[in-house]
Structures are given as structure tokens and as C-alpha cells.
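Before any comments, here is the structure.
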Amino acid sequence: MAASARANEEDSIAALRRLQVLDTAPEEEFDALVEVASAVCGKPISLISLIDTHRQWFNANVGLPGVQQTPRDAAFCAHAVLGDDIFEVEDATRDERFAKNPLVVGQPDIRFYAGAPLTLGNGERVGTLCVIDRAPGKLTDLQRLVLSRLATAAVKLLEGRLAAAEAERAMHAAATSQKDLRLVVDSAPAMMAYWRADLTCRFANHAYRDWLGLNPEDMIGKHIRDVLGPALYELNKPHLEAALAGELQSFERSVPGPSGVRHGLAHYVPDVVDGEVVGLLAQVTDITGLKAAERALRLEMDETLRVQALLQDSLQELDRAQRLGAIGCWSWDPARDEVKWSTELFRITGRDPAAGSPSL
């Protein structure tokens, strides 16, 4: 007689899939558990059986060489996972549920079976640790206790195996992310560094080499005073203190370096964890070229203003000369058909300048 499905069948199958143990190679830890179970219970066969959708798969096996799985319909373990206690069949040939079972009437000639369910932390029963004999039998109370404890150990191994695999994947993902982040940071043209709350350097990118002539690896663990130098440190100190107090800082600073003085736009971003500032991220962008362009534009504007002033002075001198000589003049722009009279010409002709110059 085939066993009924578990009350939480879908959850149990999903939990078994998450363990990622089906169809894997034998593992020494699980083999040791079935060897101990076989020896303590005095039975020639012991298995860690995991109940899949249509089969039971043996994660560990002693006494059934070459057998890795059997159909679920014939599995004693499919009955054992329906309850929390050890499932024991003293003589399968006298139990109507198993008397005609192919595993009883044929190989491996099961007569005795005892299985302790493997119950995960969330309550899913994914399989059993069982012992089997080809002769009728019965476990002692001590043997039942040991079998139950070994089943608990098997569960811990299964969950620990999953946790270790997930931790390894997480570490690999973190290492990959860190590598990618390092590539981005080191490729950034801006000078970037992280300073802990005690203002020692946690990391710095390669742009520091160009700016300050320092090897970033040599900066790790050093105080920012030793990196910037006492003078520049004192200039930046108020901004550092404000950032460590939780205030975002943005300011311009002239930074000396091997290639001369360069102008930087600095940002100090507080790193806040659980309401406490544990450090700050510093980013300095090179604005030397922008400053040079700004100075050139200012000089050009100054020159334009100077020329305009000279032109205005010249116009004033021309008006003065015409007034002294009682000479007026006019001009005509043929393309726009526009006539312009001088101030003195309006006075000579007695016309009102407010009315504008007459047409040609």
C-alpha cells in the first residue's frame, strides 16, 4: 500500500529542493551516521532516505551496495515521514500495508524496518534515517533514542551543508561585487577615499597617485593628517569635524602635488550606521581646467569692458569736438535704410533729438 502525501507535501518538496543534496556524491559525514545507526541497532542495512516527488533517494547507504533509489510508492520511508515519531514495522510480512510490497516479496527482502523522520527547522519532514533487517525484530528503548538522535544530527548536517553552500555563494558574490566596485572606484578620475571615524584610511583609489604622488596601498591605516600634510589638514579640519557630526560638506580647495597646485571640489559624505557616524567618504574632483577657463573668461570680460569704456570716451570726445567747432554729421546705413544724426547736428538744425533722426 502506497503512503498518502504529507500534509505539507508541496512545502516539503520545496524544502528538499532548497537543500540541493539530491543526486550528489556520497559524503563522509552522512555515511558515518548510517554506519553508527547500523552498528547500534544491530541491523545490516541503514539508509538516509530523502522523499522526492516520485522516488526515495539514498543520501547515505550501508548494506545495499549499488542501490541509489527506489520508487516512492514502495518506500517504507514514505510512511515514516507522515509522523513525528519513529515509524517501526516489526514484521512486514504480517503487516497488511507491506505484505505485498515488492521490497518485501523481492529484493532486498525487508522484514523489519524502523525510520526516524528528518524534520527541518520549519517543520518539513524531508526524509528518514532508517535501519532495515531481513528478519523480524524490535528496537530497544536505547536503540530508538540513539536512532532519533542520529536523525537530528543528520538534519543538522543537511541544514549546515546548505548554510555553508549559501555562505560560500555569498562570499563569492561579495568578492565579485567588491572587485567590480574596486574597478569602478579605481577607474574614477576623481580622488576617492574612505576615512574611519578616527580619520584613518580604510581605502583609497588610484587617483591619489596622480594628485598627491602617494601609493594608495601605502595610505591604508594612516591618519589623514599624514596623508594631506599638517597645513592642508588644518584647512580641511573644520569640514572633517562637521562631516563626522553628520553634516554633508562641499567646498573648494587648492591641493599641492607633484605636478603643481591643482584646484579641487571636495565632498565629504558622512557614513551613518544605526544613527551613528562611523566614517566618511571623501571625493575630490579636479576643477583645475575649469578654474583656468574661468580666469580666461574673466580676463576677456575685463578686456571687453575696457574697450567699451575707451569707445565711450571716444564718442564723448567726438561730441565735444563737434560742439566746439559747431560741426554736425550724419550717417546712413543703406542695407537697413537707417540714418543717424550727431548731437550737434540736432542743435544746428534746431530739431528735437527725442523725435529721432529723419529718414534720408
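The values are calculated or read from the model by the stated rules, or taken from the named source; none is laboratory data. Computed from a prediction, not measured in an experiment: that's the story for all the values here. Using ideal geometry, Cβ is built from the backbone for each residue, glycine included, and neighbour counts are taken over all protein chains shown. All accessible areas refer to the heavy atoms of the entire protein, side chains included, with ligands and DNA or RNA removed. Shrake-Rupley method; radii C 1.70, N 1.55, O 1.52, S 1.80 Å.
So which trypsin sites (Lys or Arg not before Pro) in region 89-122 are both in a DSSP loop and have at most 11 other Cβ atoms within 10 Å of their Cβ?
Details: sites: Arg94, Arg97, Lys100, Arg111; in loops: Arg97, Lys100, Arg111.
Within region 89-122, the qualifying trypsin sites (Lys or Arg not before Pro) (loop, at most 11 other Cβ atoms within 10 Å) are Lys100.
Accessible surface of Thr70 in the full protein assembly, 1.4 angstrom probe, to the nearest 10 Å²?
Its heavy atoms expose roughly 20 Å² to the probe.
Starting from the eigenvalues of the Cα gyration tensor, five times each then square-rooted, give me the equivalent ellipsoid semi-axes of region 1-101, largest first, whole Å. Before the final figure, lay out the partial values.
Details: eigenvalues 85, 78, 30 Å².
Working through the eigenvalues yields semi-axes of 21, 20, 12 Å.
Which whole-number percent gives the relative contact order of region 1-106, counting Cα pairs below 8 Å spaced six or more residues apart?
Numbers: 127 pairs, mean separation 27.7, N = 106.
Averaging sequence separation for qualifying contacts and normalising by length gives 26 percent for region 1-106.
What number, in percent, do you get for the relative contact order of the chain if the mean sequence gap of Cα pairs under 8 Å and at least 6 apart is divided by its residue count?
Details: 576 pairs, mean separation 34.8, N = 360.
10 percent.
Please calculate the 1.4 Å probe accessible area of His239, with all protein chains present, and give it to the nearest 10 Å².
Roll a 1.4 Å probe over it and His239 shows about 40 Å².
What shape does region 1-57 take by its C-alpha gyration tensor, where a ≥ b ≥ c are the square roots of the eigenvalues and a/c under 1.5 counts as rounded, a/b above b/c as prolate, and the rest as oblate? Please list the in-between numbers first.
Numbers: a/c = 2.68, a/b = 1.51, b/c = 1.77.
Oblate shape, in that a/c is at least 1.5 and b/c is the bigger or equal ratio.
Could you compute how much accessible surface Ser331 exposes when probed at 1.4 Å, giving the result in Å² to the nearest 10?
Number for this one is 60 Å².
What aspartates and glutamates does Lys340 reach when the alpha-carbon gap must be under 20 Å and sequence neighbours fewer than 8 apart in one chain are set aside?
Asp313, Glu317, Asp319, Asp352
So what is the relative contact order for region 93-137, in percent, with contacts set as C-alpha pairs under 8 Å and at least six apart?
Details: 55 pairs, mean separation 14.9, N = 45.
Normalised by residue count, the contact order of region 93-137 is 33 percent.
Quote the convex hull volume per residue of the chain, based on C-alpha atoms, as a whole number of Å³.
Given the Cα convex hull of the chain, per-residue volume reads 337 Å³.
With labels modelled as points extended 7 Å from the Cα through the Cβ direction, what inter-label distance (nm, one decimal) is found for Glu252 paired with His54?
7.5 nm
Give, in nm to one decimal, the length gained when the segment between Ile348 and Met301 is fully stretched (0.36 nm per residue of separation minus the Cα-Cα distance). Walk me through the intermediate numbers first.
Details: separation 47, 0.36 × 47 = 16.92 nm, distance 3.87 nm.
Result: 13.0 nm gained on full extension.
For a Förster distance of 25 Å, can you work out the FRET efficiency between the beta-carbons of Ala231 and Asp198, rounded to the nearest 0.05?
On the way: r = 21 Å, r/R0 = 0.84.
Efficiency, from the Cβ-Cβ distance: 0.75.
If DNA, RNA and ligands are ignored and the probe is 1.4 Å, what is the ranking of Arg55, Arg336, Arg161 by accessible area, most exposed first? The partial results should precede the final answer.
Values: Arg55 40, Arg336 160, Arg161 65 Å².
The ranking, largest first, comes out as Arg336, Arg161, Arg55.
If the only charges are +1 at each Lys and Arg Cβ and -1 at each Asp and Glu Cβ, what is the size of the charge dipole of the chain around the Cα centre, to the nearest 20 debye? Can you show the working numbers first?
On the way: 38 positive and 52 negative charges, 48 e Å.
Using only the charged Cβ atoms, the result is roughly 240 debye.
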